[in-house]
Amino acid sequence: MKVVVLGSGTSSGVPTIGCPCAVCHSPDPRDNRTRPSILIEHDGRNIVIDTTPDFRAQVLREHVGHLEAVLFTHAHADHILGFDDIRPFNGIQRARIPVYASQDTLDSLRRIFTYVFDNVNRNTFIPKIDTHDHQGQPFDLFGLHVQPILLLHGGQPIYGYRVGPFAYLTDHSTIPQESMDQLHGLDVLFLDALRYRPHPTHSTVEEALRNIERLQPKRAYFTHICHDLPHAATEATLPGNVRLAYDGLRLTVGE
């Protein structure tokens, strides 16, 4: 299984509009962070977690020519607003694409993208999808065992995903104990580490490091990163098995 980081930034992206800070003007390409999403490549199939407002640019950058499934963590704008850009893949593949999410997230997609769900003329060029409410329960996808992981994004329940020895946890301030119990024995863990300063709905660097210490993955990567964390300088302060994700990072997991 291979993992490609499509985007590693926070909701406003980095550079942030109108910001004069050093990170927003950094020459290091790893400080250029689009909204958070990953691609999983397995057995010739592509699975995306979240379709960000940057989704089109992300898949063009990574030369993604087909898409077999989409998983959603939650329905905030920075995770869903690229949903319409699923449709070229329908045309390429001449097939519907399965979408997996909680019922709350599916309801939000239906409300925001009404034309996808309620369009009468099914020949119109719109995303053709089949929705699946995972109900927080594990499911199989192309031979992969997928375990939704309940997280708290402030007071909002959302989901990360464990796929075999890999887990992707974005946008969380708390990992409930039941979810911690589902995250042991990982080769690779991605988790939210927005910045150093406390935030009501996101994990800080310190909190993320504490969770890594508890879970002991072989490798860990921070994501959903804001412009408070310059890539090279921040990595220099981290343990050797903890890195910052960056757009375009490619990993092999479980081999």
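Taking the conditions exactly as written (free of Cβ contacts under 8 Å to residues at least 40 places away in the same chain, within 18 Å of residue 71 (Cβ to Cβ), of a type in the set (Val, Ile, Thr) and surrounded by 21 or more Cβ atoms within 10 Å (Cβ to Cβ)), does residue 158 satisfy them or not? When the stated conditions are applied, residue 158 does not pass them.
Among the residues of the range 24-64, those that are under 18 Å from residue 100 (Cβ atoms) and among the charged types (D, E, K, R) comprise 41, 43, 45, 50.
Report whether or not residue 115 is under 16 Å from the mean Cα position of the chain (by Cα) and either more than 27 Å from residue 45 (Cβ to Cβ) or at pLDDT 95 or above (or both). So residue 115 does not fit the description; no.
Being surrounded by 17 or more Cβ atoms within 10 Å (Cβ to Cβ) and either in contact (Cβ under 8 Å) with a residue 40 or more places away in the chain or not in a helix (DSSP H, G or I) (or both) is the filter here; which residues of the range 202-219 pass it? If you could, list the steps in order and put the result at the bottom.
Step one: filter the range 202-219 for residues surrounded by 17 or more Cβ atoms within 10 Å (Cβ to Cβ), giving 202-205, 207-209, 211-212, 215, 217, 219.
Hits for the range 202-219 are 202, 203, 204, 217, 219.
In the range 39-49, of all residues being touching an Asp or Glu at 6+ places or on another chain (Cβ under 8 Å) and in contact (Cβ under 8 Å) with a residue 60 or more places away in the chain, the one that is farthest from residue 12 (Cα to Cα) corresponds to 45.
Test of understanding: among 238, 194, which residue is surrounded by fewer than 22 Cβ atoms within 10 Å (Cβ to Cβ), out of contact with any Asp or Glu (no Cβ under 7 Å at 6 or more places or on another chain) and either at positive phi or not in a strand (DSSP E or B) (or both)?
On inspection, the qualifying residue turns out to be 238.
Could we say that residue 111 is without any contact (Cβ under 8 Å) to a residue 12 or more places away in the chain and outside any loop (DSSP other than H, G, I, E, B) here? Spell out how you get there, then give the answer.
Values: without any contact (Cβ under 8 Å) to a residue 12 or more places away in the chain: yes; outside any loop (DSSP other than H, G, I, E, B): yes.
Considered against the rule, which asks whether it is without any contact (Cβ under 8 Å) to a residue 12 or more places away in the chain and outside any loop (DSSP other than H, G, I, E, B), residue 111 comes out as yes.
Taking each residue of the range 91-108 that is under 11 Å from residue 70 (Cα atoms) and looking for partners that are of a type in the set (Phe, Trp, Tyr) and assigned to a helix (DSSP H, G or I) with beta-carbon atoms closer than 8 Å, six or more apart or interchain, yields 97/89.
Here is a check on your reading of the model: is residue 130 without any contact (Cβ under 8 Å) to a residue 24 or more places away in the chain, of a type outside the set (Gly, Ala, Ser) and not in a loop (DSSP other than H, G, I, E, B)?
Details: without any contact (Cβ under 8 Å) to a residue 24 or more places away in the chain: no; of a type outside the set (Gly, Ala, Ser): yes; not in a loop (DSSP other than H, G, I, E, B): yes.
Spelling it out, it is not the case that residue 130 is without any contact (Cβ under 8 Å) to a residue 24 or more places away in the chain, of a type outside the set (Gly, Ala, Ser) and not in a loop (DSSP other than H, G, I, E, B).
The values are calculated or read from the model by the stated rules, or taken from the named source; none is laboratory data. What you see is a predicted model; the values in this text were computed from it and never measured. As a convention, Cβ positions derive from the backbone with ideal geometry for all residues, glycine included, and neighbour counts pool all protein chains shown.
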